[in-house]
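What follows is a short report on a single structure.
Please treat every number below as a calculation from the coordinates, not as lab data. Everything numeric here is computed off the predicted structure, so don't read it as measured data. Counting neighbours? That spans all protein chains shown, and the Cβs are built from the backbone with ideal geometry, glycine included.
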Amino acid sequence: MPLGLVALVGAPNVGKSTLFNRMLGQRLSIVEDTPGITRDRLYGTAEWLTRKFRLVDTGGIEIQKAPFQEEIRAQALIAIEEADVIVFVCDGKVGVTSDDLAVAKLLYRSDRPVLVAVNKIDNVESIPEVAEFYSLGLGDPIPCSGSHGIGVGDLLDKIVSLLPNKAEEDFGDAIAFSLIGRPNVGKSSLTNRLLGEERVIVKNLAGTTRDSIDTPFSDGENNYVAIDTAGLVKKGRIYEAVDKYAALRALAAIDRSKVAVLVIDASVGVIDQDRHVCGYALDAKKGIVVVVNKWDLAPKGTQQQDFEADLRKRFKFIDYAEVIFVSAATGRGIEKILPAVRRAYESCSRRVSTSILNQIIQDAQQMNPTPEFNHGRLKIMYASQVSTFPPTFVMFCNDPNFAHFSYTRYLENQLRDSFDFAGTPIHIIYRQRQ
């Protein structure tokens, strides 16, 4: 099911970021600390009552040379345009302010559900003060404290109840893939090369593509849907409201695709921002193909094997991804992209028979016994593949708390050595066998 989007809006200093971190830090949060990824904390994927959703803190929007009220207005307008549920955060210690009234006035125009979260209510004695926020005219205010967690569960209950049930987008037999990357790395040019026609506007200007564009096509053997996305940029580089708007669209495009094609600019080289963008696809557990574009503009004397070695050193967390060198301008290597996308897609959909899977896991434990961790030693009695996209395996064991990260990595490598999982992440879950 596609993820719903929940946006936190409100005036500065009301505690949006604290509430944001608290909501992502709940016990059921699926935010992972994967080594090597720099994450933009303005975005997160959370889970509550088995329902996953994307959470965005619009407080990070900065508009150069814009009046203060205009900046707040831009945040609210983006939420109104893109979010499925809007959480209007107010400061319970300060009371209703003119900024709150200005945001409320904008939210009246929205057809999205709005929840008023009165933050900084740190004890029950302060709850009566919440009544003042009924004057905003946006329904029952919900008292909470991002700092102490008070009332956050009630707020999440309400959010989940309001999220729409979005049907999985049916692309039929087509392989849907998104092209992601920093602005001006050549995503639109690559799309046009793949399609053989000028279907996407291309200019030598960063950020030309603002919306995601779906284009169905066929190579004669397989059907595809190319989703060209706006360039993703880091928090400190987002100065215009339209850039935040485009980033939300790009995240949605990643959700809708099965494979993400990460485009890197060879003329610039691999930079931290590329890893940051890759983190979005990795968080979404999508198949990944790395395309190094503009190889014709790479610094003179640069060798592919050296470039790839540096890339893989920086991207250790996706060492399973295929790397392709191309030039959208000359057409060199373009014919390698679709086969790589197809291979990643097939890997994502691959299933392993239960009997063979259990033999591999048992052999792995015999070859490399589990280490002692958390005052115990993991013992896996039975394994089963429960889903695809990505391939997800449940390890029924004596105690999940005994599972060390390094051993999970070892099991993943054993699975990769036994089966062709190139291009796809592998998700391993531990469950205690009763």
Pairwise label distance in nanometres, residue 147 with residue 358, each label 7 Å out on the Cα-Cβ vector:
5.4 nm
R0 = 25 Å: FRET efficiency of residue 366 with residue 386, Cβ-based, nearest 0.05?
0.55
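Would you tally the net charge around residue 220, using a Cβ to Cβ cut-off of less than 13 Å, leaving residue 220 out, and scoring K and R as +1, D and E as -1? Display every interim value, and only then the final one.
Values: positive: 342; negative: 219, 221, 335.
Local net charge: -2.
Just need the Rg to Rh number for region 77-167, please, alpha carbons only, Kirkwood Rh. Before the final figure, lay out the partial values.
Details: Rg = 13.1 Å, Rh = 13.6 Å.
Result for region 77-167 is an Rg/Rh of 0.97.
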Treat each spin label as a single point 7 Å out from the Cα along the C-beta direction, and report the residue 409 to residue 223 distance in nm.
4.1 nm
Candidate cut points under GluC sites (Glu not before Pro) in region 113-195, DSSP loop plus at most 13 other Cβ atoms within 10 Å of their own Cβ, are 168, 169
Selected from 184, 133, 144, residue furthest toward positive end of dipole (region 129-195; charges at beta carbon):
184
Region 295-396: trypsin sites (Lys or Arg not before Pro) in DSSP loop, at most 11 other beta carbons within 10 Å:
300, 351
For residue 399 and residue 81, extending 7 Å from Cα along the Cα-Cβ vector and measuring point to point gives, in nm, a value of 5.2 nm
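Size of the dipole of region 244-390 about the Cα centre, Lys and Arg at +1 and Asp and Glu at -1 on the beta carbon, nothing else charged, in debye to 20? Please list the in-between numbers first.
Values: 21 positive and 15 negative charges, 78 e Å.
Here the size comes out at about 380 debye.
Given the pairs 166/316; 16/166; 158/286, which span a C-alpha to C-alpha distance of over 31 angstrom in this model?
On the way: 166/316 34 Å; 16/166 26 Å; 158/286 29 Å.
Going by Cα-Cα distance, 166/316 fall outside the 31 Å limit.
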With a/c under 1.5 counting as rounded, go ahead and sort region 262-372 into rounded, prolate or oblate using the C-alpha gyration tensor (a ≥ b ≥ c being the square roots of the eigenvalues; past the cut-off, prolate if a/b is larger than b/c, else oblate).
prolate
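How high is the FRET efficiency from residue 351 to residue 417, r the C-beta distance, R0 22 Å, rounded to 0.05?
Details: r = 17 Å, r/R0 = 0.79.
FRET efficiency, residue 351 to residue 417: 0.80.
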Does a label point 7 Å from the Cα of residue 304, set along Cα-to-beta-carbon, have any residues of region 171-190 with amide nitrogen under 19 Å, and which are they?
190
